[in-house]
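Encoded as structure tokens, the structure appears first; notes follow it.
What follows is calculated from the coordinates using simple rules that are stated; it is not laboratory data. The model shown is predicted, which means the values in this text are computed figures rather than measured ones. Using ideal geometry, Cβ is built from the backbone for each residue, glycine included, and neighbour counts are taken over all protein chains shown.
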Amino acid sequence: MSEPTETGPGQERAADVVRVVLVDDHRMFRAGVRAEIDHPGEHRVTVVGEAADADAAVRSVRELMPDVVLLDVHLPGGGGLSVLQRCADLVMDTERPVRFLALSVSDAAEDVIGVIRAGSRGYVTKAINGTELVAAIHRVNEGDAVFSPRLAGFVLDAFSNNTVPPVDEELDKLTQRERDVLRLIARGHSYKEIAKELFISVKTVESHVSAVLRKLQLSNRHELTRWAAARRLV
């Protein structure tokens, strides 16, 4: 559901304050990001709207015409890629483009390259802190490309070689949330740590791990870690 604030595109605002729409399906995460960045006086950033799914995101972006959209990659209703595709005309507007900055827990190559090809000006992971995120918002608003350090290299490689990551049939069996849990398990995180990172319950983490083991025909987390490392997913 879209949650626009009172500040609309036709209302007066300070010219140097960047207007942001925040798109993420976790209300608590949105609240945390808003608390970090929504300081027009100090940070010159204000959150003018929020959305929790792809349809609401498209409506909010078109209604509010923000300067920057902070966009989660994985959303109900089609995901961040769908939002970018449906807002392509706004991204390509030469007079007043809407800039998109992907903000996601995923650092998978296919996610990063997919949204960049669709028009996002950058991609940062949710490990970013508030100060860094504010700086990234301003850079994207100015037309720069912004990436978390470990992501920039393979993005450049992919575009210079005009290649995309190969299809992995086994990995394709997993839902995106299962992939997120898989990567965190492979990196040695506990169930409790994963639950906190992904804003889900420990029981839900356990269910995802069981599903991953079943789909990949693995027996335990040690085999899962080796499987992920072999595919450079860690």
Given backbone amide H placed at 1.01 Å from N, residues whose amide H is under 5 Å from that of Thr175, ignoring those fewer than 5 places away on the same chain, are none
Check which residues have an amide H placed less than 5 Å from Leu75's amide H, if you skip close sequence neighbours. Gly80
How big is the antiparallel share of DSSP beta bridges in region 18-161, given as a percent to the nearest 5? 5 percent
Can you give the charge dipole size of region 18-161 about its Cα centre, rounded to the nearest 20 debye, using +1 on the beta carbon of Lys and Arg and -1 on the beta carbon of Asp and Glu? 100 debye
Fewest-first sequence of Asp172, Asp180, Asp144 by Cβ atoms within 10 Å of each Cβ: Asp172, Asp144, Asp180
Please work out the FRET efficiency for the pair Asp93 and Asp16, using the Cβ-Cβ distance as r and a Förster radius of 25 Å; give the result to the nearest 0.05. 0.80
Using the Karplus curve 6.51 cos²θ - 1.76 cosθ + 1.60 with θ = phi - 60°, work out ³J(HN,Hα) for each residue of region 54-62 in order, rounded to whole Hz, and write x for Gly and Pro. 5, 4, 5, 5, 4, 4, 5, 5, 6
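Just to confirm the filter: which chymotrypsin sites (Phe, Trp or Tyr not before Pro) across region 68-149 are DSSP coil and have at most 13 other Cβ within 10 angstrom of their Cβ? If you can, show how the numbers build up before the last one.
Values: sites: Phe100, Tyr123, Phe147; in loops: none.
Counting only loop positions with at most 13 other Cβ atoms within 10 Å, none of the chymotrypsin sites (Phe, Trp or Tyr not before Pro) in region 68-149 qualifies.
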Tyr123 long-range amide H proximity, modeled H, under 5 Å: Ala102, Val146, Phe147, Ser148
Karplus-derived HN-Hα couplings along region 136-150 (A = 6.51, B = -1.76, C = 1.60, θ = phi - 60°), whole Hz, x at Gly and Pro: 5, 4, 5, 5, 5, 4, 7, x, 6, 9, 10, 9, 4, x, 6
Sorted by packing (mean other beta-carbon atoms within 10 Å per residue), highest first, where do 205-211, 225-231 land? 205-211, 225-231
